Structures are given as C-alpha cells and as structure tokens.
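The values are calculated or read from the model by the stated rules, or taken from the named source; none is laboratory data. Keep in mind the model is a prediction, meaning the values are calculated, not measured. Cβ: placed from backbone, ideal geometry, glycine included. Neighbour counts: every protein chain shown. Each accessible area value is taken on the protein alone, full model and side chains, heavy atoms only, with ligands, DNA and RNA left out. Shrake-Rupley method; radii C 1.70, N 1.55, O 1.52, S 1.80 Å.
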Amino acid sequence: MTDRRLWSYKEIAAHIRVQPDTVRSYRKHGLLPPPDHVEGGKPYWFAETVRAWVASRPGNRGRRVD
C-alpha cells in the first residue's frame, strides 16, 4: 500500500530532525524535490517522496530515519 499522506515543512523537519526553517532553506536552494501538491500557496510532499529524498541525500550513509 502506498503512503499518500501529504507532509508540510513541519512534518519533513520532524522526520529529518531539523527545524522547519532549515527545510524551507533546502527548498530555496533547490535541495528538496518539487512539491507534489500546492494548496493556498503552501507546498506539500507525499511521505513517500520525502522518504525517497532522504534515502538519496548526500551524507545519508545508509542510515534509516523514521
């Protein structure tokens, strides 16, 4: 089953253990994948998009982030 929950900056930040402003900075610098959905001008990503991005991040070194 595919996880279709949408995550905001806040959920992404909690997932990778940083502040939401750090995630905003990642997006500003082109380090996040494009949002899967935009509503009211706010970007959202599917949980599976975020997990794939985390797995491919430089420095991840194969560690698992829940």
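Evaluating Lys10 against the criteria (1) modelled with pLDDT under 95; (2) in a helix (DSSP H, G or I) leaves one unmet condition, (1). In the stretch 1-32, of all residues being among the aliphatic types (A, V, I, L, M) and without any contact (Cβ under 8 Å) to a residue 24 or more places away in the chain, the one that is most open to solvent (accessible area, probe 1.4 Å) corresponds to Met1. Hey, any hits in the stretch 33-56 for a residue that's modelled with pLDDT under 95, open to solvent by 70 Å² or more (accessible area, probe 1.4 Å), in a loop (DSSP other than H, G, I, E, B) and not small (Gly, Ala, Ser)? No, there is no match, as no residue in the stretch 33-56 is modelled with pLDDT under 95, open to solvent by 70 Å² or more (accessible area, probe 1.4 Å), in a loop (DSSP other than H, G, I, E, B) and not small (Gly, Ala, Ser).
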